[in-house]
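Here is the structure we will look at.
The values are calculated or read from the model by the stated rules, or taken from the named source; none is laboratory data. The structure presented is a predicted model; accordingly, all values stated were derived computationally and were not measured. Counting neighbours? That spans all protein chains shown, and the Cβs are built from the backbone with ideal geometry, glycine included.
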Amino acid sequence: MLAATRAEELRALIAYHNQLYHQQDAPEISDVEYDELVRELKQIELDYPELVTEDSPSQQVGFTPSDLFTPVEHLTPMMSLDNAMSFEELAAWGKRLERYIDTNVEYSCELKMDGLAVSLVYTDGHLTRAATRGDGRVGEDITLNVLQIKGVPHRLKDAPPLVEARGEIYMPVSSFKQLNEEQMLRGERIFANPRNAAAGSLRQKDPQITASRNLSFFAYQLAQAPVNFKDHAETLAYLREQGLPVNPTSKILHSLSEVYDFCQHWQVNRHSNDYEIDGVVVKINDLAQRQELGFTSKAPRWAVAFKFPPEERNTLLKDIMVSIGRSGKATPFAVLEPVFVGGSTVRLATLHNQDQVALKDVRPGDVVIVRKAGDVIPEVVGPVLSKRPEGLPPWEFPKNCPECGGELSRSEGESDTFCTSAECPKQLEQRIVHFASRGCMDIENLGERTVQLFRQLELLRDIGDIYNLDYDRIKLIEGFGEVSINNLRSGIEASKQRPLSNLLSGLGIRHLGATGARVLAKGMHHLDNILRASVDEIGSVEGIGTVIAQSVHEFFQHEDNRQLIERLRSAGVNFEGPKASTLAQTLSGMSIVVTGTLENFSREGAEEAIKERGGKSPGSVSKKTHAVVLGEGPGAAKITKARDLKIPILNEQQFQQLLETGVIPEVSAGDGEGAVVG
């Protein structure tokens, strides 16, 4: 029977991948591919009930605990959750609830952290045991390691006789990036994602390793309590009162349409916090209704996990090639068997540099893990070693530029490799493309393909030629009619009036990014002032460091670059920067952080309004922050930190009052009137 054979294959595959994921922290397939295996097995067992076995993964929760840690039995089972992947599946879950309850329903919605579920048992207020989920009944005793995590209190505020809190241990994204950078410097393996890093850090025999990894914790469930509560919201409030961190984005909603909107909001904004989420957990708020609903063999009927689309998939690495950028930087990239991930089909992915290729040891012919998070450029995380063909040779970085044949050189202590040929055609092409791009001179109708074509026809040699194009010759090119030529001409003319900061960005000065260009343009007021300035004078502009100052000065000392500037001057390109602010410096010495969307300011506009009045507007909250301005859809991590540090949180009206007076309105520290979170 084909169904029986396939069910047996699936059980073996799922068991194998469970062991890799839960016990070895070394998964070979992405979460979505694992879910697809489980879904296929469940469907077969639904169609053929006689094929269901007691040891089937569909009947199990979690995994068998490893022998690294002492096994401990949970006070009550730690069950897994059923999944919903669409509004239809969410609605079907809601329909099933109607079999058991016919009264009004409130839903508690919480972000589904991508970490490790743990149980924390407090006896007389003291943390006496921490355990992993394990198989749902028996977990691993990881108490010594959990005691190293700063966010987990060792003692509860009121010293209740018995409390069991359940939650998620995770690694912040910033800590994950720092850890991988340190691993690379030591030549040690890098972690595929924050979840694997958290698992590898928590399941260590040496608690000091766990202590060094900057793990965090959010509580999401009160499993044992000293008093009876009416609803889930009350239990979260109790956990918070006792000193346990609870995610501030949780929300009580009154319909599945509202729940779905909440899920869609966080799917779009899933990377706005300093932690990874892979969905939203939806729970019935009323605890009496939960009692009525009860459990299936492995999951509560009163909760479901709405899963977001995958951001990791496996695919074939067909080749590794090298691209040459405008600075001559040689960057390896992966040519992939097309795969749908992160909401789009990915064919190419970055490999960053020579060291990363060597450390990840990815080779053409490997099956690799590809990750695409939001708008981030897709990257190859690493190979699936168990699927590597025997005898597959390592990839070697080329010695010569693939575009011009010039030597590729890497300076001592540098991670990047560069083409040393000043006449490399790819470098010249990419400088023009960069100059014309959005955020620089933003020249419409002069994209990469047009630049390539014009260079092939020798209409463009360098940036200066943009403002001296031979339109009579362009008329002879197929596809360039009167309308398209007029549009191109208009785009080029419009670019002459771009702000000085755009021009500085477009010139591609090493180390000078968009933010630095804005600061420099505002501080020096005119390009001629920058041309005449010394390194010290450039470096005296607030926000411009020594490295940037040196790089800017050197760029404008080159005769070729000075000649280019004069050609741009003759073409009528704007060299004037913003005038010095005439506004009262009401915020002098103050640091104001803006988070979320404001009604009357863009994010950049709000930050500029602060700076124009002498203040600073950094991207993160710290002890030096004087106030946080809160709009719609803010970063939860910033709000949490502001509350922890007791920093005033202002709404938009209070922000405008602050701009005018320089006086922070009287609000409770760590709270803002009208604040909207989540």
Q) How many residues, within region 567-600, are among the aliphatic types (A, V, I, L, M) and part of a helix (DSSP H, G or I)? A) 2
Q.
Within region 162-181, take every residue that is out of contact with any strand residue (DSSP E or B) (no Cβ under 7 Å at 6 or more places or on another chain) and either loosely packed, with under 12 Cβ neighbours inside 10 Å or basic (Lys, Arg) (or both) and give me the one that is modelled with the highest pLDDT.
A. Lys177
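Go through the residues of region 193-214 one by one and say whether even a single one is without any contact (Cβ under 8 Å) to a residue 40 or more places away in the chain and over 23 Å from the mean Cα position of the chain (by Cα). Lay out the reasoning, then the answer.
Taking region 193-214 as the starting set, the residues that turn out to be without any contact (Cβ under 8 Å) to a residue 40 or more places away in the chain are 197, 201, 206, 209, 212.
Cutting the leftovers down to over 23 Å from the mean Cα position of the chain (by Cα) gives us 206, 209.
Checking region 193-214: at least one residue is without any contact (Cβ under 8 Å) to a residue 40 or more places away in the chain and over 23 Å from the mean Cα position of the chain (by Cα).
Let's see how each residue does on (1) of a type in the set (Phe, Trp, Tyr); (2) at pLDDT 95 or above; (3) over 32 Å from the mean Cα position of the chain (by Cα); (4) assigned by TED's automatic domain parsing to the domain that holds Asn353:
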| site | (1), (2), (3), (4) |
| --- | --- |
| Asp375 | no, no, no, yes |
| Arg388 | no, no, no, yes |
| Gly406 | no, no, yes, yes |
| Gly447 | no, no, no, no |
| Thr450 | no, yes, yes, no |
| Gln456 | no, no, yes, no |
| Asp462 | no, no, yes, no |
| Gly479 | no, no, yes, no |
**Q.** Criterion violated by Val246 - all others in (1) in contact with a Lys or Arg (Cβ under 8 Å, 6 or more places away or on another chain); (2) closer than 30 Å to Val594 by Cα; (3) in contact (Cβ under 8 Å) with a residue 60 or more places away in the chain satisfied
**A.** (3)
(Q) Kindly evaluate Lys522 against the criterion of being surrounded by fewer than 16 Cβ atoms within 10 Å (Cβ to Cβ), assigned by TED's automatic domain parsing to the domain that holds Ile466 and not small (Gly, Ala, Ser). (A) no
(Q) For region 200-208, check the following and say yes or no: at least one residue is of a type outside the set (A, V, I, L, M), modelled with pLDDT of 90 or more and under 23 Å from Ala636 (Cβ atoms). (A) no
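Can you find a residue that is surrounded by fewer than 16 Cβ atoms within 10 Å (Cβ to Cβ) and in contact (Cβ under 8 Å) with a residue 12 or more places away in the chain anywhere in region 106-122? Explain how you work it out, then say what you get.
To start, the set of residues in region 106-122 that are surrounded by fewer than 16 Cβ atoms within 10 Å (Cβ to Cβ) comprises none.
No.
Being among the charged types (D, E, K, R) and either touching a residue at least 40 places away in the same chain (Cβ under 8 Å) or under 20 Å from Val335 (Cα atoms) (or both) is the filter here, so list the residues in region 400-428 that pass it.
Within region 400-428, the subset among the charged types (D, E, K, R) is 403, 407, 410, 412, 414, 416, 423, 426.
Correct list: Glu403, Arg410, Asp416, Lys426.
Can you tell me how many residues in region 186-205 are part of a loop (DSSP other than H, G, I, E, B) and either among the polar types (S, T, N, Q) or touching a Ser or Thr at 6+ places or on another chain (Cβ under 7 Å) (or both)?
In the first step, residues of region 186-205 are kept if they are part of a loop (DSSP other than H, G, I, E, B); the result is 186-193, 203-205.
Narrowing the set further to residues that are either among the polar types (S, T, N, Q) or touching a Ser or Thr at 6+ places or on another chain (Cβ under 7 Å) (or both) leaves 193, 204.
Number of matching residues: 2.
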Q. Inside region 638-667, can you point out the residues that are within 26 Å of the chain's Cα centre (by Cα) and either of a type in the set (Asp, Glu) or in a helix (DSSP H, G or I) (or both)?
A. Lys638, Ile639, Thr640, Lys641, Ala642, Arg643, Asp644
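Being in contact (Cβ under 8 Å) with a residue 60 or more places away in the chain and surrounded by 21 or more Cβ atoms within 10 Å (Cβ to Cβ) narrows it down to one of Leu293, Leu317, so name that one. Give the derivation first.
Numbers: Leu293 fails: surrounded by 21 or more Cβ atoms within 10 Å (Cβ to Cβ).
When all the criteria are applied, what remains is Leu317.
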Q: Having 3 or more residues that are closer than 23 Å to Thr249 by Cβ is the bar; report the strands (runs of 3 or more DSSP E) wholly within region 106-156 that clear it.
A: 107-113, 116-123
(Q) For the structure I just gave you, tell me whether Val227 is closer than 30 Å to Asn104 by Cβ and either assigned by TED's automatic domain parsing to the domain that holds Glu632 or modelled with pLDDT under 95 (or both). (A) yes
Q) Mind checking which residues of region 500-546 are outside any helix (DSSP H, G or I), under 25 Å from Ile432 (Cα atoms) and under 35 Å from the mean Cα position of the chain (by Cα)? A) Leu507, Gly508, Ile509, Arg510, His511, Leu512, Gly513
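With the structure loaded, tell me whether Glu188 is at negative phi and buried (at least 19 other Cβ atoms within 10 Å of the Cβ) or whether it fails that test.
Details: at negative phi: yes; buried (at least 19 other Cβ atoms within 10 Å of the Cβ): no.
Judged against the criteria, Glu188 is not a match.
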Q. Given the structure, is Gln183 in a helix (DSSP H, G or I) and of a type outside the set (Asp, Glu)?
A. yes
Q: Go through region 134-150 and give me each residue that's out of contact with any helix residue (DSSP H, G or I) (no Cβ under 8 Å at 6 or more places or on another chain), closer than 23 Å to Tyr238 by Cα and surrounded by 17 or more Cβ atoms within 10 Å (Cβ to Cβ).
A: Thr143
Q. Give me the pairs: first residue in region 600-619 and surrounded by 19 or more Cβ atoms within 10 Å (Cβ to Cβ), second residue assigned to a helix (DSSP H, G or I) and not small (Gly, Ala, Ser), beta-carbon distance under 7 Å, and six or more apart or on different chains, which are they?
A. Ala609/Leu659; Arg613/Leu659; Ser617/Glu607; Ser617/Ile610; Ser617/Lys611
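Going residue by residue through region 350-368, is there one that turns out to be in contact with a Lys or Arg (Cβ under 6 Å, 6 or more places away or on another chain) and either surrounded by fewer than 17 Cβ atoms within 10 Å (Cβ to Cβ) or farther than 25 Å from Arg195 by Cα (or both)? Reasoning before the result, please.
Let us first name the residues in region 350-368 that are in contact with a Lys or Arg (Cβ under 6 Å, 6 or more places away or on another chain), namely 366-367.
Filter again for either surrounded by fewer than 17 Cβ atoms within 10 Å (Cβ to Cβ) or farther than 25 Å from Arg195 by Cα (or both), leaving none.
Checking region 350-368: not a single residue is in contact with a Lys or Arg (Cβ under 6 Å, 6 or more places away or on another chain) and either surrounded by fewer than 17 Cβ atoms within 10 Å (Cβ to Cβ) or farther than 25 Å from Arg195 by Cα (or both).
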Q) How many residues are over 14 Å from Arg461 (Cβ atoms) and not in a helix (DSSP H, G or I) when one looks only at region 405-434? A) 17
Q: Exactly one condition in (1) more than 27 Å from Gly615 (Cβ to Cβ); (2) modelled with pLDDT under 95; (3) surrounded by 15 or more Cβ atoms within 10 Å (Cβ to Cβ) is not met by Ile466; state its number.
A: (2)
Q) Among the residues of region 385-400, is there at least one that is touching a Leu at 6+ places or on another chain (Cβ under 9 Å) and acidic (Asp, Glu)? A) no
